[in-house]
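**Q** Next up is a structure, given as structure tokens.
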Amino acid sequence: MQIEAAVFGPYATNCYFVWEDPGQALLIDAGFLPGGIARTAKERSLEVCAILITHGHGDHIIGAEQLRKAFACPLYYPEGDLPLATGSFIGESYEAPQPTKLLRGGEHLSLGGMEIDVLYVPGHSPGHIAYRIGDDLFSGDCLFRGGIGRFDLEGSDEVALQRSLAQLVALGDDVRVHPGHGPATTIGRERRENPFLQV
Ligand SMILES: [Zn+2]
């Protein structure tokens, strides 16, 4: 399986292309500059077969609707974050996402020849989900290298976030983490070094 981050926008959001077969790639999150994301796909000769959203903050979804149409593919979106898909983010308006399928966590998806487990990891946002493909975890804004998601935003819940982090830590040290911002890491590294996970 191959993974490539396309990083665009004022918050340097990681949008990930993930593929076994370049003719059926996944796009995980779809932030600012959908044109840049589409161009990256073209440069890598990737056909996107599905867009998967981790959570409904604008920097992860502004491009979702435009790219859903451009790639003519289904859009998977966390049900609990539907109220966030307003079409407006810090004064900028965008096309509100029209999800094809809503996810709550606990689902298993087979897409692009890959097996995907959907994990419910609320706290940073109410409906936040993460996607696990084998030993690779796409954690959105729940867990970062050396940090955790903000819990001071509207709809955030610190207690829920702590519970979600414990759930991710339990996945095991070897799991590689691809966060919504910043560099990749592993559960083992974060368990040992992340100051927010030391209890
Ligand atoms: Zn966020």
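**Q** Within segment 78-95, take every residue that is more than 14 Å from the ligand (Cβ to nearest atom) and within 17 Å of the chain's Cα centre (by Cα) and give me the one that is farthest from Tyr120 (Cα to Cα).
**A** Applying the filter and picking the extreme gives Leu82.
**Q** Okay, moving on. Please determine whether any residue of segment 90-101 is at pLDDT 95 or above, out of contact with any Ser or Thr (no Cβ under 8 Å at 6 or more places or on another chain) and in a helix (DSSP H, G or I).
**A** So far as segment 90-101 goes, no, none of its residues is at pLDDT 95 or above, out of contact with any Ser or Thr (no Cβ under 8 Å at 6 or more places or on another chain) and in a helix (DSSP H, G or I).
Conditions (1) of a type in the set (S, T, N, Q); (2) touching a residue at least 24 places away in the same chain (Cβ under 8 Å); (3) crowded, with 22+ Cβ neighbours inside 10 Å; (4) not in a loop (DSSP other than H, G, I, E, B), marked per residue:
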{"site": "Ile3", "(1), (2), (3), (4)": "no, yes, no, yes"}
{"site": "Leu27", "(1), (2), (3), (4)": "no, yes, yes, yes"}
{"site": "Ile37", "(1), (2), (3), (4)": "no, yes, yes, yes"}
{"site": "Cys49", "(1), (2), (3), (4)": "no, yes, no, yes"}
{"site": "Gln66", "(1), (2), (3), (4)": "yes, yes, no, yes"}
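**Q** Here is a follow-up. Considering only residues that are hydrophobic (A, V, I, L, M, F, W, C) and over 18 Å from His55 (Cα atoms), look in segment 160-196 and name the one that is farthest from the ligand (Cβ to nearest atom).
**A** Quick first cut of segment 160-196, residues hydrophobic (A, V, I, L, M, F, W, C) only: 160-161, 165-166, 168-171, 175, 177, 184, 187, 196.
If we keep only those that are over 18 Å from His55 (Cα atoms) too, we end up with 166, 169-171, 175, 184, 187, 196.
Values: Ala166: 20, Val169: 20, Ala170: 23, Leu171: 21, Val175: 21, Ala184: 18, Ile187: 20, Phe196: 16 Å.
Ranking the qualifying residues of segment 160-196, first place goes to Ala170.
**Q** Restricting the first residue to segment 152-171 and requiring it to be among the β-branched types (Val, Ile, Thr), which pairs with a second residue that is surrounded by 13 or more Cβ atoms within 10 Å (Cβ to Cβ) and assigned to a loop (DSSP other than H, G, I, E, B) meet a Cβ separation below 8 Å and a spacing of at least six or different chains?
**A** Val159/Gly123
**Q** While we're looking at this one, here's another question. Search segment 69-100 for residues being under 17 Å from Pro34 (Cα atoms) and in contact with a Phe, Trp or Tyr (Cβ under 8 Å, 6 or more places away or on another chain), and hand back the single one that is surrounded by the fewest Cβ atoms within 10 Å (Cβ to Cβ).
**A** The extreme case among them is Ser88.
**Q** Just checking, how many residues over segment 157-168 are outside any loop (DSSP other than H, G, I, E, B) and surrounded by fewer than 18 Cβ atoms within 10 Å (Cβ to Cβ)?
**A** 6
**Q** Which ones in segment 106-156 are touching a helix residue (DSSP H, G or I) at 6+ places or on another chain (Cβ under 9 Å), more than 15 Å from the ligand (Cβ to nearest atom) and either modelled with pLDDT under 95 or part of a loop (DSSP other than H, G, I, E, B) (or both)?
**A** Gly112, Gly113, Arg145, Gly146 - these are the residues of segment 106-156 that are touching a helix residue (DSSP H, G or I) at 6+ places or on another chain (Cβ under 9 Å), more than 15 Å from the ligand (Cβ to nearest atom) and either modelled with pLDDT under 95 or part of a loop (DSSP other than H, G, I, E, B) (or both).
The values are calculated or read from the model by the stated rules, or taken from the named source; none is laboratory data. As the structure is a prediction and not an experimental result, all values here were calculated from the model. Here the Cβ is made from the backbone with ideal geometry for all residues, glycine too, and neighbour counts use every protein chain on show.
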